[in-house]
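Nothing in this text is a laboratory measurement; each read-out follows from the coordinates by a stated rule. Keep in mind that this is a model prediction, so the values were computed, not measured. No Cβ is skipped: glycine too gets one built from the backbone with ideal geometry, and neighbour counts run over all protein chains shown.
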Amino acid sequence: MRKILCLLCLLLGISAVGCGPSARELKEQTLSTLNTVADQWGGGKDFATDASDAYGRPLTCTVEKTTLNYVLEVRSNGSDGLPKNSDDVVVRRTKRHGETTITQEAEKAAEGVSRGVGSGLVQGIKKGLSGSGGDKK
């Protein structure tokens with residue numbers, strides 16, 4: 001009987017300690033992996049990796065081009081393995097692509113505004129010359 005009680009206490013002790021990393025530890029390991037992978041990105045428009053997260057699943061890498069930058073997103077689908085939900089772990093990096101500058105973008109915006117003002121002015125003159133100055137009701 002005493003041996004059975006000792007064995008039971010031993011089993012209860014093992015089950016209380018657990019058999020592997022906790023959910024928090026797995027998430028931290030995954031975050032560390034994501035950061036290590038993202039730091040390998042050279043800033044280009046393409047990036048891929050064979051790395052996997054702490055859950056043994058492959059990582060997803062996407063590069064998006066914005067007005068001034070390339071934005072890398074490295075994603076783990078988290079503990080449930082389902083994409084784009086609250087348990088996902090995501091790391092982002094941003095690098096300038098050098099294809100445009102803030103000045104060039106401001107110039108494009110100013111040109112668009114001036115074209116809009118110019119076309120509105122021309123329509124107003126035409127309306128005034130044609131004698132249809134009143135609003136249609």
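Could you give the dipole magnitude of segment 23-113 about its Cα centre, charging the beta-carbon of Lys and Arg +1 and that of Asp and Glu -1, in debye to the nearest 20?
The calculated dipole for segment 23-113 is roughly 40 debye.
Using the Kirkwood radius over C-alpha pairs as Rh, can you work out the diffusion coefficient of segment 23-116 via Stokes-Einstein at 25 °C, viscosity 0.890 mPa s, in µm² per second?
Stokes-Einstein gives a translational diffusion coefficient of 164 µm²/s.
Can you work out the Karplus-derived ³J(HN,Hα) for every residue in segment 21-36? Use 6.51 cos²θ - 1.76 cosθ + 1.60 with θ = phi - 60°, whole Hz, and x for glycine or proline.
Taking θ as phi minus 60°, the curve returns x, 6, 4, 5, 5, 5, 5, 5, 5, 5, 4, 4, 4, 4, 5, 5 Hz for segment 21-36.
Each residue of segment 46-52 in order: what ³J(HN,Hα) in whole Hz does its phi give by Karplus 6.51 cos²θ - 1.76 cosθ + 1.60, θ = phi - 60°, with x for Gly and Pro?
10, 7, 8, 8, 9, 5, 10
Give me the net charge of T33's neighbourhood, meaning all other residues with Cβ under 14 Å from the Cβ of T33; Lys, Arg count +1, Asp, Glu -1.
Combined, the nearby Lys, Arg, Asp and Glu give -3.
By how many nm would the segment from T62 to I102 lengthen if fully extended, with 0.36 nm per residue of separation less the alpha-carbon distance?
Full extension from T62 to I102 adds 12.0 nm.
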